[in-house]
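Below is one structure, written out as structure tokens; comments come after it.
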Amino acid sequence: MRTHLIALVALGLTACQPEPPHTPAPQPSQTAAKAAPTAPQPPPRAPATVTLLYTTDEHGWLFGKGQGEKLRGGAAEALGQWIADEHHCPKEPPTAAPSPACANPSTLLLSGGDHFTGPAISTYFRGLPMAHAMARMGYVASAFGNHDFDFGRDAFEQNRRANGITYLAANARVTDPAKDPKFSASIIVERRGLHIAVIGVATQDTAREALPSAFEGIAFDPPEPALNRAVDNAYTSGADAVVVLAHACEDEILPIVERHPEWALAFVGLGHCHRRFQKSVHNTPVVMPGFRLDAFARVELTVDPSLPIRHRVTQNLATTVNVRPREGLGPDVAVDQIRAESQTKLLAALGDVIGFSAEGMDDDSQAMGRWITRAMREAAHTDIALTNWTGIRDSLAAGPIRKLDVVSILPFDNTLVVLRVKGSAVDRMLGERAYVASGATRTRLPAPDGAKRHPHETRLDNGTLIDPDKVYTVAVTNFLYDVSRDFNFVAADPSPTRTSISLQNAVITWTAKAKSTEKKPLEHILGGSTKPPPRTQK
């Protein structure tokens with residue numbers, strides 16, 4: 001306001017002054033002499049190479065599996081390997097002096113999501129130890145995974161602050177602003193003078209792959225339109241290369257990438273399906289490197305910024321690299337300290353021995369399934385108990401059984417739900433290969449002469465045939481009741497009894513009561529094979 005007043009006063013004063021004498025216009029030579037110098041143009045950016053490091057579905061695996069030369073994975077081991085082989089620069093603590101070698105880092109560490117739910121060392125502490133480890137490891141961005149809300153929104157926010165990761169979900173749509181998780185569609189990261197856009201998408205089935213209540217206020221749209229918008233925006237914003245992180249399997253993402261060669265993607269990282277996959281589509285490597293930090297994707301990305309947009313990537317060589325021990329290669333000391341301190345606290349909380357296993361049990365073995373469902377059935381006092389194989393997340397090692405082993409095997413906060421259903425529904429439930437049950441068995445019978453289909457029969461454990469019209473009680477988990485797509489439990493019993501019995505506590509209590517010992521190990525009490533079947537049930 002004051003500036004405007006001064007201008008107006010000056011204008012008024014000028015208007016009252018006599019007209020000044022005419023002054024000849026300066027000659028061109030004089031004008032050129034007084035012109036401001038032209039701003040210097042920035043020098044052209046030179047081609048550069050950046051190494052992308054990509055993991056997915058880390059699931060809290062701070063420690064690897066196995067011992068000695070048979071060790072696979074591990075957060076500290078992975079970081080030690082990246083520092084030694086890739087010259088990766090982890091995040092230093094605030095008190096550490098900055099490393100001159102890391103003033104211009106050449107690596108970019110990314111994830112496909114699902115960081116926290118897994119072994120008890122992460123699960124018991126709601127993912128925080130894994131978050132601290134990932135901060136040290138130097139993760140920059142991640143696709144949002146369907147299990148990243150497993151411990152609730154507050155725990156997710158705490159973990160996000162701790163790990164410093166930007167969570168990306170271009171296809172997430174906020175339906176309730178009060179519950180906005182504030183995901184980004186993409187970010188642009190600078191490495192070696194290059195501008196690398198990182199876009200993230202979640203599987204469209206996100207809300208059906210965990211408890212739906214966790215995702216209130218958010219919807220997940222088809223990823224293709226979201227990616228189309230995000231890729232265009234990235235190039236408009238000056239990206240030299242575009243990378244996509246998808247917490248989704250190849251059957252969902254691959255057809256989309258195949259339909260869009262114009263995206264000219266530098267790399268697509270997949271996740272969610274816990275397997276290895278690699279394929280090149282329009283010269284774009286599409287890679288899922290497995291899970292549990294057992295391996296990572298390494299992408300050597302060379303970019304020439306002088307080339308036209310969408311044509312600047314001149315090399316994107318991708319390989320999947322195992323995280324394995326070798327002579328002269330040690331774990332990162334800082335991550336090793338994080339997990340050691342967490343393990344000490346975990347043993348104090350859940351280190352009580354509740355049983356003994358002589359051989360151990362694989363996660364998809366008959367004995368494992370019988371252990372969990374028998375505990376469910378006795379805790380809920382039902383005729384039958386049923387759970388899904390994919391909810392069993394770890395094997396049981398030979399030796400003393402501790403409470404923490406149960407939490408690692410069953411990391412989700414599931415409770416028991418009791419259904420009352422007819423025998424015909426029980427028969428259909430037990431026919432689904434996705435489930436494991438106790439209390440009843442469905443048996444395939446020999447096919448009659450000339451028949452193509454085998455008949456079957458379903459009997460209770462006492463040998464009684466299931467009566468199709470009789471009502472039986474069945475215990476399932478709340479996840480299975482609310483989410484399962486293999487069988488419609490809601491239709492079978494729309495008004496079940498939702499108990500407050502924790503699945504973890506049910507198995508811990510049953511195991512302690514079983515009093516298994518070295519002379520009477522748990523697997524002998526349960527019966528059945530401790531090894532996986534020839535063809536996996538998962």
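Where a number appears in this text, it was derived from the coordinates with a stated rule and is not lab data. Note that the structure is a prediction, hence the values are computed from the model and not measured. Backbone-built Cβ (ideal geometry, glycine too); neighbour counts: all protein chains shown.
Using amide H atoms built 1.01 Å from N in the peptide plane, name the residues 5+ places from Ala295, or on other chains, whose amide H lies under 5 Å from its own.
Amide H neighbours of Ala295, under 5 Å, 5+ apart: Val323.
Mind listing the phi-derived Karplus ³J(HN,Hα) values for the stretch 461-468, rounded to whole Hz, using 6.51, -1.76 and 1.60 with θ = phi - 60°, and x for any glycine or proline?
In residue order, the calculated couplings are 4, 7, x, 6, 5, 5, 8, x Hz.
Compute the Cα gyration tensor for the stretch 107-183, then decide on rounded, prolate or oblate, letting a ≥ b ≥ c be the square roots of its eigenvalues: rounded whenever a/c is under 1.5, prolate when a/b is larger than b/c in the other cases, and oblate in all that remain. Don't skip to the answer; put the middle values down first.
On the way: a/c = 1.93, a/b = 1.24, b/c = 1.56.
Taking the square roots of the gyration eigenvalues as a ≥ b ≥ c, the stretch 107-183 is oblate.
Below 8 Å, C-alpha to C-alpha, sequence gap of six or more: please give me the relative contact order for the chain in percent.
So the answer I get is 15 percent.
Using unit Cβ charges (K, R positive; D, E negative) and no other charged atoms, how large, in debye to the nearest 20, is the dipole of the stretch 379-433 about its Cα centre?
Values: 7 positive and 6 negative charges, 13 e Å.
It comes to approximately 60 debye.
Relative to 2.2 N^0.38 Å, what does the C-alpha radius of gyration of the stretch 144-243 come to as a ratio? Two decimals please.
Values: Rg = 14.3 Å, N = 100, 2.2 N^0.38 = 12.7 Å.
Normalised Rg, Cα atoms only: 1.13.
Indicate the gyration tensor shape class of the stretch 301-431 (rounded, prolate or oblate), computed on the Cα atoms with a ≥ b ≥ c the square roots of the eigenvalues: a/c under 1.5 is rounded; otherwise a/b larger than b/c is prolate and the rest oblate. Intermediate results must be reported in sequence, preceding the final value.
On the way: a/c = 2.97, a/b = 1.60, b/c = 1.86.
It comes out oblate by the Cα gyration axes.
Where Rh denotes the Kirkwood radius from the mean inverse Cα pair distance, what is Rg over Rh for the stretch 487-532?
Working: Rg = 16.1 Å, Rh = 13.7 Å.
Looking at the stretch 487-532, the ratio lands at 1.17.
Give, in nm to one decimal, the length gained when the segment between Asp176 and His87 is fully stretched (0.36 nm per residue of separation minus the Cα-Cα distance). Before the final figure, lay out each step's value.
Working: separation 89, 0.36 × 89 = 32.04 nm, distance 4.35 nm.
Taking Asp176 through His87 to full extension adds about 27.7 nm, to one decimal.
For the stretch 351-366, in order, what is each residue's ³J(HN,Hα) by Karplus, 6.51 cos²θ - 1.76 cosθ + 1.60 with θ = phi - 60°, in whole Hz (x at glycine and Pro)?
x, 4, 7, 10, x, 8, 10, 7, 10, x, 9, 5, 5, 10, 8, 4
Let me know the shape class of the stretch 228-366, please: from the alpha-carbon gyration tensor, a ≥ b ≥ c as square roots of the eigenvalues, rounded when a/c is under 1.5, otherwise prolate if a/b is greater than b/c, or oblate. Kindly include the intermediate steps, with their values, before the conclusion.
Details: a/c = 2.68, a/b = 2.05, b/c = 1.31.
Taking the square roots of the gyration eigenvalues as a ≥ b ≥ c, the stretch 228-366 is prolate.
Compute, for the stretch 254-301, the length of the dipole vector about the Cα centre, with Cβ point charges of +1 (Lys, Arg) and -1 (Asp, Glu) only. Units Debye, rounded to 20.
Details: 6 positive and 4 negative charges, 45 e Å.
About 220 debye.
Go ahead and estimate [θ] at 222 nm for the chain from helices alone: -39,500 (n - 2.57) per DSSP H run with n ≥ 4, summed, over the residue count, rounded to 500.
Numbers: 16 runs with 157 residues, N = 538.
Calculated at 222 nm, the ellipticity per residue is -8500 deg cm²/dmol.
Which entries in the list Lys179/Lys345; Lys179/Lys422; Lys65/Lys403 go over 29 Å, if you measure between the two C-alpha atoms of each?
Numbers: Lys179/Lys345 33 Å; Lys179/Lys422 40 Å; Lys65/Lys403 19 Å.
Result: Lys179/Lys345; Lys179/Lys422 exceed 29 Å.
When the Cα centres of the stretch 100-139 and the stretch 234-248 are compared, how far apart do they sit, in Å?
Between the Cα centres of the stretch 100-139 and the stretch 234-248 lies a distance of 22 Å.
For the stretch 464-538 and the stretch 373-431, what is the separation of their C-alpha centers, rounded to whole Å?
3 Å
If we count every other residue with Cβ under 15 angstrom of Val281's Cβ, Lys/Arg +1 and Asp/Glu -1, where does the sum land? Each step should come with its number before you reach the end.
Details: positive: Arg259, Lys279; negative: Glu224, Glu250, Asp251, Glu252, Glu258, Glu262.
Charge balance in the 15 Å sphere: -4.
Note the direction-averaged projected area, equal to a quarter of the hull surface, for the Cα convex hull of the chain, in nm².
Numbers: hull surface 155.9 nm².
Its Cα hull, projected and averaged over all orientations, spans 39.0 nm².
Give the Rg (one decimal place) followed by the Dmax (whole number) of the stretch 430-538, computed from C-alpha coordinates and expressed in Å.
17.3, 51
Over the stretch 83-164, what is the relative contact order in whole percent, taking alpha-carbon pairs under 8 Å and six or more residues apart? List each step's numbers first, then the result.
Values: 103 pairs, mean separation 25.9, N = 82.
Worked out over the stretch 83-164, it gives 32 percent.
Around Gly290, under 9 Å between beta carbons, what's the net of Lys plus Arg minus Asp minus Glu among the other residues? Could you put the intermediate results ahead of the total?
Details: positive: Arg275, Arg276, Arg292; negative: Asp57, Asp294.
Charge balance near Gly290 sits at +1.
Can you work out the Karplus-derived ³J(HN,Hα) for every residue in the stretch 68-75? Use 6.51 cos²θ - 1.76 cosθ + 1.60 with θ = phi - 60°, whole Hz, and x for glycine or proline.
In residue order, the calculated couplings are x, 5, 8, 5, 10, x, x, 5 Hz.
Less than 15 Å Cβ to Cβ from Pro93, Lys/Arg counted +1 and Asp/Glu -1: what total charge do the surrounding residues give? Mind dumping the intermediate values first?
Working: positive: Lys91, Arg136; negative: Glu92, Asp332, Asp336, Glu341.
Result for the local shell: -2.
Around Ile501, which amide H atoms from residues at least 5 apart in sequence, or from another chain, sit under 5 Å from its own amide H, with H modelled in the peptide plane?
Excluding prolines and chain starts, which carry no amide H, the hits are Leu416.
What distance in nm separates the two pseudo spin-label positions at Lys515 and Thr390, each 7 Å out from Cα along the beta-carbon direction?
Result for the modelled spin labels: 4.0 nm.
Can you pull a Stokes-Einstein diffusion coefficient for the stretch 391-478 at 25 °C (0.890 mPa s), Rh from Kirkwood over Cα pairs, as a whole number of µm²/s? List each step's numbers first, then the result.
Working: Rh = 15.6 Å.
It comes out at roughly 157 µm²/s.
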